[in-house]
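Following: one structure in structure tokens, then a few remarks.
Each reported figure results from applying straightforward, stated rules to the coordinates on display, with no laboratory input. These numbers were taken from a predicted model, which means no experiment stands behind them. When we count neighbours, we look across all protein chains shown, and the Cβ atoms used for this are built from the backbone with ideal geometry, even at glycine.
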Amino acid sequence: MSELETIDHDVLVIGAGGAGLRAAIAAAAENVKVGLVCKSLLGKAHTVMAEGGMAASLGNVDDRDNWRVHFADTMRGGQYLNNWRMAELHAKEAPDRVRELEAWGALFDRTPDGRILQRNFGGHRYPRLAHVGDRTGLEMIRTLQDHAVYLGIDVHMECTVVALFKDGDRVSGAFAYDRERGRFKVFRAKAIVLATGGIGRAFSITSNSWEYTGDGQSLAYHAGAALQDMEFVQFHPTGMVWPPSVKGILVTEGVRGEGGILTNKNGRRFMFDDIPENYRSQTADNEEEGWRYTQGDKNARRPPELLTRDHVARCIMREVREGRGSPHGGVYLDIAWIKARLPNAAEHIKKKLPSMYHQFKQLADIDITTTPMEVGPTTHYVMGGIRVDGDSQMSTVPGLFAAGECAAGLHGANRLGGNSLSDLLVFGKRAGEYAAKFSKERGAVTIDNGAVDDASRFALAPFERSGSGNGSGDGPYQIQHKLQGIMQDGVGIVRRDAEMRKALDAVLAMEQEAQRVSVPGNREYNPGWHTALDLRNLLTISEAIARAAIDRKESRGGHFRDDYPDKDPTFGTFNTTLSKAADGSMHLERIPIPPMPAELKAVIEENK
Amino acid sequence: MSTSATFRVWRGDETKGELVDYKTPVSEGMVVLDAIHQIQAEQANDLAVRWNCKAGKCGSCSAEINGKPKLMCMTRLSELPLDQPVTVEPMRSFKPIRDLVTDVSWNFRVKKEIKPFKPRKPDAPDGTWRMAQSDVDRVQEFRKCIECFLCQDVCHVLRDHKKHEEFIGPRFLVYAAALEMHPLDVEDRVADLKREHGIGYCNITKCCTKVCPESITITDNAIIPLKERVVDEFYDPLGKLVKIFSRRKKDA
């Protein structure tokens, strides 16, 4: 395979969303040779979809905020399965990461005295999200992208990694194809940072794009790294439900942060009907107080619409299941009602939520300043991912790092809105720094020719089979579609043992099917081929989600079981990990959470 | 709405191509990208198309629909006459790669030639700045850009006159405007705009503004103010005199 192009880097970053870009910037600052691989064009990654903002306890709007409150909020939201060290670092470092973006040109919305404005979001005690209207993700990715392009980072756009290489225990490189010509590339690197994002394409209703096929999680798993907390998938409570072609597209939590309310078909604000015990003291018990909170009254408690995402999603499901839903199987999210309170409500909504206004106007013919939206839960985020060290972000494979959504730990059983963008920055930077350090401390690596041949054979296999494709039975799209249905129905928002086992069996059976899939055409920009190659990743992470979900016989955070509807304290003491056993099967282990230091325990106590 | 429609999709590569008809079922609320995906899944697995967010936020699925530059994900079928075939072609100002995918790499090279953001010294001892929302508003408009490059596609300086080596196009004039009007930026890009970036080629036909899916007022709010800065710097006779004298003073 010597004819393949081999490209050398000290640090190779796979994925160019917020975490990947931040990692590449951090590594470049250490004066090592950095490569950045992205599946799409630069700047198109899923980070652009983030709307609400990034959580950081700047204390600009409410000076009672500080890292201790943010830490406690994150742990409470994650139901204490979080890696507490990551939650601590995140809360402490997020403010600096946000200010750094401003120094690189980001323009956040301002407070009256000219500082960075912060908004309310679910699960955050104080207004904490630095934001730009409802397009914060775009601002963040563009700022990072425009900063990174001047730093001498080699960017490989539209390039997909299909395998990682190892030299002994250490990771040593990656095998990729470029979309444009279908040429193979071998990357040799002393350290690799995975920043590939999530797994949303494993489900049929999702806010995620085609890229979100669990590549990083799957690549790491097959390279011997452990995955963790894969049972915790976040179903965002508010996705569009109508028309069918936009089903799943995200409706930002910012709508509720600005005063939007959830109602059922009878006009009832059903979120008041079920406020969990551990949030009762922080939640308004009447509409008046909730409204005052969204308008900045520091003495008011937050409305129940701003409870954590897992809880809001389940309440919506309950309304729909019990026959109180909207015509298209959702509930109503109403921001138009604020005209009863604000004189210039329509203008205010357009200013605060411009892309939501635009999105509903253009895709659903609905003017959100006059009409309620119809919304329902959509697969949005995976809390689980690659198990990493809290400080360095290194996985259980030496030299292999992970940051952002593809890594596990920070969010525990449920992620708070706004904690993702800050996660990308805090841990993207750490991963980049530690990867650069690792590359300096360790010597050169070699790549085994046999492994390159294997990867190449795997990548070409779909062309060499005959049978499926182009509509005649099970082409790559049909298989992906089938898998999405299995996961949505079997391991979705509400889970039961028998259904999950059935789904797991079906997923395992599909592995054979995926190995038979063939594609027409040639290697040049052939999405059928790309979809076929992504299948292995989707199947691997689907198996991981199902196995972990079956094992966790309780309900906690994003994982809700009809057969075990309550939280069970014995399940609050461990994380579930999955790794590849010697015989190639998936091995599940329950790993105890290390005891929290007294200082952090005290922080949680003081914020109870 | 009829239950099926014909899509006349450009299939080909750098060397050759043709329009191919595909008939596919349509339903309420569908956008052009849905139809393309359906065709891809059911009839042409290898139909090449870029897309990501499917919500008008990433700017990947730019194409020419019935001859008009648009995002496929934001173009509803209900806006189009479905009794005739819907033509879907790649952006014609860029070299085709395959089917609806074009080579937009030129844009990424151009951006690097524009001087990066350079902030003034922080306003507060803690290293932060103070900015009024009203000063930020103007630049936030430009920063809405999703880099779909539809403005580059429609600009006749690039499309018809192929001035890619001399003119950076509306997208990067907006980018330069965002930097020049950034409340914190202290870099000077005016000479570059005139010489390297060819701002003079723009004769404000406003086609870019018309196609912008983010409704950025490209010509009036970004390009014209930049042109004015160039004029002030290079063509203002009074200013020129002042400059000559101030230079003499310095020399003396």
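Quick notes on this one:
- Our note on the geometry: Cα centres of the range B:184-252 and the range A:179-212, 41 Å apart.
- The protein assembly as shown: Cys lacking any partner C-beta under 4.7 angstrom: A:CYS38, A:CYS159, A:CYS315, A:CYS406, B:CYS61, B:CYS73, B:CYS145, B:CYS148, B:CYS155, B:CYS202, B:CYS207, B:CYS212
- Distance in nm between pseudo-label sites at B:ARG92 and A:ASP113 (7 Å out along the Cβ direction from Cα): 5.7 nm
- Footprinting exposure proxy for A:HIS358, A:HIS380 (fewest neighbouring C-beta atoms within 10 Å first): A:HIS358, A:HIS380
- Restriction of the GluC sites (Glu not before Pro) in the range B:148-218 to DSSP coil positions whose beta-carbon has at most 12 other beta-carbons within 10 angstrom yields B:GLU165.
- A:ASP448 paired with A:ASP367, simple spin-label distance in nm, labels 7 Å along Cα-to-beta-carbon: 6.6 nm
- Residue exposure sequence - A:TRP529, A:TRP337, A:TRP67 - by fewest surrounding Cβ within 10 Å: A:TRP337, A:TRP67, A:TRP529
- Most positive-pole-ward Cα, A:ILE550, A:GLY572, A:PHE71, against dipole of chain A from beta carbon charges: A:PHE71
- The range B:1-49 and the range A:377-410 have their alpha-carbon centroids 38 Å apart.
- For the range B:4-102, share of DSSP beta bridges that run antiparallel, in % to the nearest 5: 85 percent
- Between 0 and 90°, nearest 10: helix A:67-77 axis offset from chain A longest Cα axis: 80 degrees
- Separation of alpha-carbon centers, the range A:479-501 and the range A:512-533, rounded to whole Å: 24 Å
- Among the lysines of the range A:240-377, pairs that are 8 or more positions apart or on different chains and have alpha carbons within less than 26 Å of each other number 19.
- In loop segments of the range B:72-120 as defined by DSSP, the trypsin sites (Lys or Arg not before Pro) with at most 13 further C-beta atoms inside 10 Å of their C-beta are B:ARG120.
- Sites B:ILE244 and A:ASP154, calculated FRET efficiency, Cβ-Cβ separation with R0 56 Å, nearest 0.05: 0.75
- Between 0 and 90°, nearest 10: helix B:224-234 axis offset from chain B longest Cα axis: 30 degrees
- Members of A:LYS185/B:LYS144; A:LYS429/A:LYS580; B:LYS57/B:LYS112; A:LYS44/A:LYS502 lying beyond 31 Å, as alpha-carbon distances in this model show: A:LYS185/B:LYS144; A:LYS44/A:LYS502
- Nearest-0.05 FRET efficiency for B:GLU196 and A:ARG341, computed from C-beta distance (R0 51 Å): 0.45
- Between 0 and 90°, nearest 10: helix A:136-148 axis offset from chain A longest Cα axis: 40 degrees
- Cβ-derived FRET efficiency at R0 25 Å, B:LEU19 paired with B:SER78, nearest 0.05: 0.65
- The calculated 222 nm mean residue ellipticity attributable to helices in the protein assembly as shown amounts to -11000 deg cm²/dmol, summing -39500 (n - 2.57) over DSSP H runs of n ≥ 4 and dividing by all residues.
- Per-residue shielding of A:112-119, expressed as the average number of other chain Cβ atoms within 10 Å of the residue Cβ, stands at 3.
- Rounded to the nearest 20 debye, the dipole magnitude of the range A:240-377 is 180 debye, with +1 charges on Lys and Arg beta carbons, -1 on Asp and Glu beta carbons, and the Cα centre as origin.
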